[in-house]
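Encoded as structure tokens, the structure appears first; notes follow it.
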Amino acid sequence: MSEFKFSVGPWNVHSGADSYGPATRDEIAFEEKIKRFAELGFSAIQFHDDDAVPNINDYTEEEIKEKAREVKRLLDKYNLKAEFVAPRLWMDSHTIDGGFMSTSEKDREYAMWRAYRSIDIANELGCDMIVLWLAREGTLCAESKSPVWATKMLIEAINKMLAYDSKIRVCIEPKPNEPIDRSICGTMGHVMAISAATTDPDRVGGNLESAHAILAGLDPAHEIGFALAMGKLMTVHLNDQNGIKFDQDKAFGVENLRAAFNQVKVLKENGYGSHGEYVGLDVKAMRTTTDEDSYKHLENSLKIFKALEAKVDKFDYDFQKKCVENRDFEGLEMYVMNLLMGVE
Ligand code: XLS
Ligand code: MG
């Protein structure tokens with residue numbers, strides 16, 4: 001039995017289409033997905049604004065709120081909560097050059113419209129967190145926009161969101177690249193600096209995604225620890241990544257087991273979850289996965305997380321203390337490897 005509550009987004013179960021090939025699995029309806037998520041033991045659903053209200057551009061603000069209320073009734077039916085709402089600022093034609101830091105003022109205004117609607121939807125779904133994955137916020141051509149100006153645009157956009165709703169929390173999910181070439185906010189350190197520069201730093205924090213930290217050449221557990229030390233880790237997107245390449249969103253722990261162990265360890269050691277935080281997954285099935293196995297990567301991620309919780313519970317802190325006193329890090333490292341290999 002885990003001490004944590006888990007969340008997942010509907011995009012984690014998908015048809016398998018990628019930039020190089022068509023779908024390999026049938027689409028699954030939203031309600032069927034969340035019914036299965038509840039059966040798998042998830043407590044909350046992550047949303048994009050247009051997961052809750054598809055074709056969001058076609059509706060008035062009031063119609064958007066009404067459609068969000070319909071989704072809330074669906075969540076209630078399966079005893080699920082909403083964890084966050086994320087404006088999807090990377091698909092629409094108004095976000096070709098990004099959203100908050102687009103070189104087009106009209107498109108920056110559109111990005112704010114989507115951010116405000118995400119807040120409206122969050123209020124109807126009963127959650128107070130907006131996640132900003134800054135997919136296209138940066139440059140494809142370095143000389144196309146000043147990094148100083150772009151950074152200030154991001155801070156200004158967050159300040160507008162904080163002013164629009166006095167309760168909402170803004171959670172930035174940093175990523176160093178992809179689909180953007182040069183990101184403006186690539187690591188948890190950048191997130192903490194942006195938070196400190198806003199009008200209400202207590203309401204601005206971070207979402208650490210394991211794969212995004214690896215893409216930045218950093219250790220996910222250290223990025224998590226950095227945000228925890230600042231009291232600003234609002235959620236996590238646990239998954240895995242085989243080195244620095246395209247974002248793979250692999251099942252948690254399947255590539256870097258010791259790094260996954262240390263992510264679970266730093267969360268457990270620091271009371272993560274005690275203020276209602278969820279362990280969020282952001283994982284995608286392999287394109288080769290069959291329809292029957294459409295949820296297997298989520299089941300695997302949960303099994304690995306819970307197995308690592310048991311390893312952390314077994315961790316011998318007295319032995320660790322002794323190794324540290326003797327500066328016997330070789331001995332400590334072998335102990336950890338034996339623990340993970342089941343030799344201990
Ligand atoms: C990227 C993001 C993405 C969701 C949340 O990793 O988490 O998966 O769209 O914005
Ligand atoms: Mg993510």
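Values in this text are rule-based calculations from the coordinates and carry no lab data. On a predicted model such as this, the values are computed, not experimentally measured, just so you know. Cβ sites come from the backbone with ideal geometry, for glycine too, and all protein chains shown count toward neighbours.
Rg/Rh for the range 61-211 to two decimals, with Rh computed the Kirkwood way over all alpha-carbon pairs.
0.97
Please work out how much length the chain gains when fully extended from Asp18 to Glu330, using 0.36 nm per residue of separation minus the C-alpha to C-alpha distance, in nm with one decimal.
On the way: separation 312, 0.36 × 312 = 112.32 nm, distance 4.27 nm.
Contour length minus the Cα-Cα distance gives 108.1 nm.
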Check: chymotrypsin sites (Phe, Trp or Tyr not before Pro) within the range 181-280: which are DSSP loop residues with at most 15 other Cβ atoms inside 10 Å?
Finding: Phe246
Next item on the list: Find, among the GluC sites (Glu not before Pro) in the range 8-99, those assigned to loop by DSSP (not H, G, I, E, B) with at most 14 other beta-carbon atoms within 10 angstrom.
Entry: Glu27
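Filter Lys5/Lys268; Lys268/Lys314; Lys33/Lys72; Lys145/Lys245; Lys5/Lys303; Lys265/Lys303 down to the pairs with a C-alpha to C-alpha distance above 21 Å, please.
Values: Lys5/Lys268 12 Å; Lys268/Lys314 12 Å; Lys33/Lys72 15 Å; Lys145/Lys245 25 Å; Lys5/Lys303 14 Å; Lys265/Lys303 16 Å.
Table pairs above 21 Å Cα-Cα are Lys145/Lys245.
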Notebook entry, point to check: Taking N as the number of residues in the range 262-344, what is its alpha-carbon radius of gyration divided by 2.2 N^0.38 Å?
Noted result: 1.41
Check: In the chain, which longest range has no trypsin sites (Lys or Arg not before Pro) that are both DSSP loop (not H, G, I, E or B) and surrounded by at most 11 other Cβ atoms within 10 Å?
Finding: 1-166
Note to self: Counting only other residues whose beta carbon sits under 10 Å from that of Leu215, what net charge do I get with K and R as +1, D and E as -1?
What the structure shows: -1
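Which FRET efficiency value, to the nearest 0.05, do you get for Lys35 and Ser104 by plugging their Cβ-Cβ distance into 1/(1 + (r/R0)^6) with R0 = 30 Å? Before the final figure, lay out the partial values.
Details: r = 41 Å, r/R0 = 1.36.
FRET efficiency, Lys35 to Ser104: 0.15.
Per DSSP H run of n ≥ 4, the term is -39500 (n - 2.57); total these for the chain, divide by its residue number, and report the mean residue ellipticity at 222 nm rounded to 500 deg cm²/dmol. Could the numbers behind the result be given before it?
On the way: 12 runs with 151 residues, N = 344.
Roughly -14000 deg cm²/dmol at 222 nm, from the helical runs in the chain.
Of all DSSP beta bridges in the chain, what percent run antiparallel (nearest 5)? Can you show the working numbers first?
On the way: 4 of 29 bridges.
Given both bridge residues lie in the chain, the antiparallel proportion sits at roughly 15 percent.
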Check: What residue among Ala216, Ala68, Ala29 shows peak mean-square fluctuation when the chain is described by a Gaussian network model with Cα springs under 10 Å?
Finding: Ala29
Notebook entry, point to check: By its C-alpha gyration tensor, with a ≥ b ≥ c as the square roots of the eigenvalues, how is the range 141-278 shaped: rounded for a/c under 1.5, else prolate for a/b larger than b/c, else oblate?
Noted result: oblate
